[in-house]
């Protein structure tokens, strides 16, 4: 059994807002659902499967199904942090392949910006769990967790702050063309390394933006997708994997992408060098570097050299990445970047990215998400998409 | 550098009560599996390496090496979070304390020290040798 080619992404939507002071989270979920359905040319009555992560308001998917007035026969609220929505694409394809639903709606929304959340520097606890007493009093926050991963990568492989900075530089080159991006100014390596130190060795410009909004994805059967007036984007392969502290055999130099990536490539029957465009989760610059290595775009430890000198800039480098500006410059709604990764990959495959960053004749793309913290435990999700 | 940061008290569950009772006496405990022989951390009743429930508490030597660290500067009282690899072979999340935060290095030898928490048992932290 495989999901290869058995489902298509027929609709995508990224909410244009970046600060939603006057909207509820449920309202944002409904707005992005409406946007994606309109993009696909489908109606709410066509939706018979609903997917959200554990952060959606209420109990799993049921409050959102009720709020939106959906009538579904399949729900899935798989929670793997920011990677959830990449995982949901694979799960939706599975459900469609098994005949459990025909039109799957995936939504994400949130308003951390409007709520004044200190996403990167304030401690966050996900449940009163048995592992927390051994971590929480030490003050783990998002930035120092990713900082520890970056620090070890530098120690072990000689990666430099300047190499990490190139990731931000590349995405800023893309973001200048995105009118909705939070940060549209093109930056230099010097700008990044001279920005204030947040948590060693990560500077402010190594960190993603905090933004409100969200996005939605419609996954459907190929027969339905073919009946719609949109380019056909097929789901070719998917992989998912959690990674943690390995019972104390801690290794922060790699991510779960070492498992989710090969699974997705094997299912799709392609290899990293076939990929023309990649959306790579960019909570921090180090996140991108490690995932590129782990997905096999370069050898382990060579990520620093791979990302340097504009190699991720569309039209300049060998692997265009995050042509919307990514989470670093464009949007990181609800502190979860997985959904927008899929959206930009679909734009590229449809030829609907901004002309300045559109990859010529883009037929094969990858979207990858990381959720949780690479400093402790995280989920990874990879999908490979192809335009017919 | 003095430890000025107020530390949240860890929640004590029956599964790991021994760990915190020992911490109150200045001892660092680690769990070891009697079946596969592997140490693990954080402590569990069932071994995360082989799933045996035949696990035992051992007193650690209290010495180790900094595997990685990060100083959070963007906070009222900057502090260093780290993973220290104990001489027993397992790595644990901790803080590096009583030292110049700018002088911390991966590979440094460190020794355990206990810091009081806000109404709970003390937390094991490490200071450079």
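Counting the residues of the range B:1-11 that are in contact with a helix residue (DSSP H, G or I) (Cβ under 8 Å, 6 or more places away or on another chain) and either within 10 Å of chain A (Cβ to nearest Cβ) or not in a loop (DSSP other than H, G, I, E, B) (or both) gives 5. Being surrounded by fewer than 16 Cβ atoms within 10 Å (Cβ to Cβ) and in contact (Cβ under 8 Å) with a residue 60 or more places away in the chain: is that true of residue A:162 here? When the stated conditions are applied, residue A:162 passes them.
Filter the range A:124-163 for residues that are more than 7 Å from chain B (Cβ to nearest Cβ), within 22 Å of residue A:82 (Cβ to Cβ) and in a loop (DSSP other than H, G, I, E, B) and give the result. Answer for the range A:124-163, where residues must be more than 7 Å from chain B (Cβ to nearest Cβ), within 22 Å of residue A:82 (Cβ to Cβ) and in a loop (DSSP other than H, G, I, E, B): A:124, A:125, A:126, A:127, A:129. The residues on offer are A:365, A:353, and the sole one that is in contact (Cβ under 8 Å) with a residue 12 or more places away in the chain, outside any helix (DSSP H, G or I) and over 29 Å from residue A:26 (Cα atoms) is A:365. Whenever a residue of the range A:189-212 is within 14 Å of chain B (Cβ to nearest Cβ) and within 18 Å of residue A:325 (Cβ to Cβ), its partners that are modelled with pLDDT under 95 and in a loop (DSSP other than H, G, I, E, B), lying with C-beta atoms within less than 7 angstrom and at least six residues away or across chains, give the pairs A:207/A:120; A:210/A:117; A:210/A:119.
State yes or no: is residue B:85 surrounded by 15 or more Cβ atoms within 10 Å (Cβ to Cβ), in a loop (DSSP other than H, G, I, E, B), facing chain A (nearest Cβ under 8 Å) and without any contact (Cβ under 8 Å) to a residue 60 or more places away in the chain? In short, no.
Residues are listed down the side, and each one gets a yes or a no for (1) touching a helix residue (DSSP H, G or I) at 6+ places or on another chain (Cβ under 8 Å); (2) under 20 Å from residue A:136 (Cβ atoms):
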residue: B:25; (1), (2): no, no
residue: B:44; (1), (2): yes, yes
residue: B:56; (1), (2): no, no
residue: B:71; (1), (2): yes, yes
residue: B:92; (1), (2): yes, yes
residue: B:96; (1), (2): no, yes
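For the list (1) in contact (Cβ under 8 Å) with a residue 40 or more places away in the chain; (2) in a loop (DSSP other than H, G, I, E, B); (3) crowded, with 18+ Cβ neighbours inside 10 Å, I need the number of the one condition that residue A:70 fails. Condition (1) is where residue A:70 drops out.
Okay, residues lined up against (1) out of contact with any strand residue (DSSP E or B) (no Cβ under 6 Å at 6 or more places or on another chain); (2) more than 25 Å from residue A:158 (Cα to Cα):
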residue	(1), (2)
A:265	yes, yes
A:268	no, yes
A:274	no, yes
A:282	yes, no
A:290	yes, no
A:306	yes, no
A:313	yes, no
A:318	yes, no
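On inspection, residue A:195 qualifies as farther than 30 Å from residue A:27 by Cα, in a loop (DSSP other than H, G, I, E, B) and in contact with a helix residue (DSSP H, G or I) (Cβ under 9 Å, 6 or more places away or on another chain). Residue B:14 meets all of the listed conditions (1) touching a strand residue (DSSP E or B) at 6+ places or on another chain (Cβ under 9 Å); (2) more than 9 Å from chain A (Cβ to nearest Cβ) but one, namely (1). Restricting the range A:251-264 to residues that are more than 19 Å from residue A:278 (Cα to Cα) and touching a helix residue (DSSP H, G or I) at 6+ places or on another chain (Cβ under 7 Å) leaves a set whose member that is surrounded by the fewest Cβ atoms within 10 Å (Cβ to Cβ) is A:253. On inspection, residue B:103 fails the criterion of being within 9 Å of chain A (Cβ to nearest Cβ), surrounded by fewer than 17 Cβ atoms within 10 Å (Cβ to Cβ) and under 27 Å from residue A:199 (Cβ atoms).
Which one is nearest to the other protein chains (Cβ to nearest Cβ), of the residues in the range B:89-100 that are part of a loop (DSSP other than H, G, I, E, B) and crowded, with 18+ Cβ neighbours inside 10 Å? Taking the candidates together, the pick is B:90. If you scan the range A:213-250, which residues turn out to be surrounded by fewer than 24 Cβ atoms within 10 Å (Cβ to Cβ), within 14 Å of another protein chain (Cβ to nearest Cβ) and within 23 Å of the chain's Cα centre (by Cα)? Those that are surrounded by fewer than 24 Cβ atoms within 10 Å (Cβ to Cβ), within 14 Å of another protein chain (Cβ to nearest Cβ) and within 23 Å of the chain's Cα centre (by Cα): A:242, A:243, A:244.
Filtering the range A:32-67 to residues that are closer than 27 Å to residue A:379 by Cα and in a helix (DSSP H, G or I) leaves A:32, A:33, A:36, A:62, A:63, A:64, A:65.
One line per residue, one yes/no per condition, for (1) farther than 26 Å from residue A:257 by Cβ; (2) under 22 Å from the mean Cα position of the chain (by Cα); (3) buried (at least 16 other Cβ atoms within 10 Å of the Cβ):
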residue	(1), (2), (3)
A:58	yes, no, no
A:75	yes, yes, yes
A:111	yes, yes, yes
A:129	no, no, no
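Residues of the range A:77-100 include at least one that is more than 22 Å from residue A:368 (Cβ to Cβ) and out of contact with any strand residue (DSSP E or B) (no Cβ under 6 Å at 6 or more places or on another chain).
Restricting to the range B:22-34, and then to whatever is surrounded by fewer than 14 Cβ atoms within 10 Å (Cβ to Cβ) and at negative phi, can you tell me which residue is farthest from the other protein chains (Cβ to nearest Cβ)? Ranking the candidates gives B:25 first. With respect to the conditions (1) over 28 Å from residue B:40 (Cβ atoms); (2) surrounded by 24 or more Cβ atoms within 10 Å (Cβ to Cβ); (3) under 20 Å from the mean Cα position of the chain (by Cα), residue A:198 lacks only one, and its number is (3).
Within the range B:38-52, is even one residue part of a strand (DSSP E or B), within 8 Å of chain A (Cβ to nearest Cβ) and surrounded by 16 or more Cβ atoms within 10 Å (Cβ to Cβ)? Checking the range B:38-52: at least one residue is part of a strand (DSSP E or B), within 8 Å of chain A (Cβ to nearest Cβ) and surrounded by 16 or more Cβ atoms within 10 Å (Cβ to Cβ). Taking residue A:273, is it part of a helix (DSSP H, G or I), away from chain B (no Cβ under 14 Å) and free of Cβ contacts under 8 Å to residues at least 24 places away in the same chain? So residue A:273 fits the description; yes.
The values are calculated or read from the model by the stated rules, or taken from the named source; none is laboratory data. Predicted model only: the values in this text are computed from it and were never measured. FYI the Cβ positions are ideal-geometry reconstructions off the backbone, even for glycines, and counts take in every protein chain you see.
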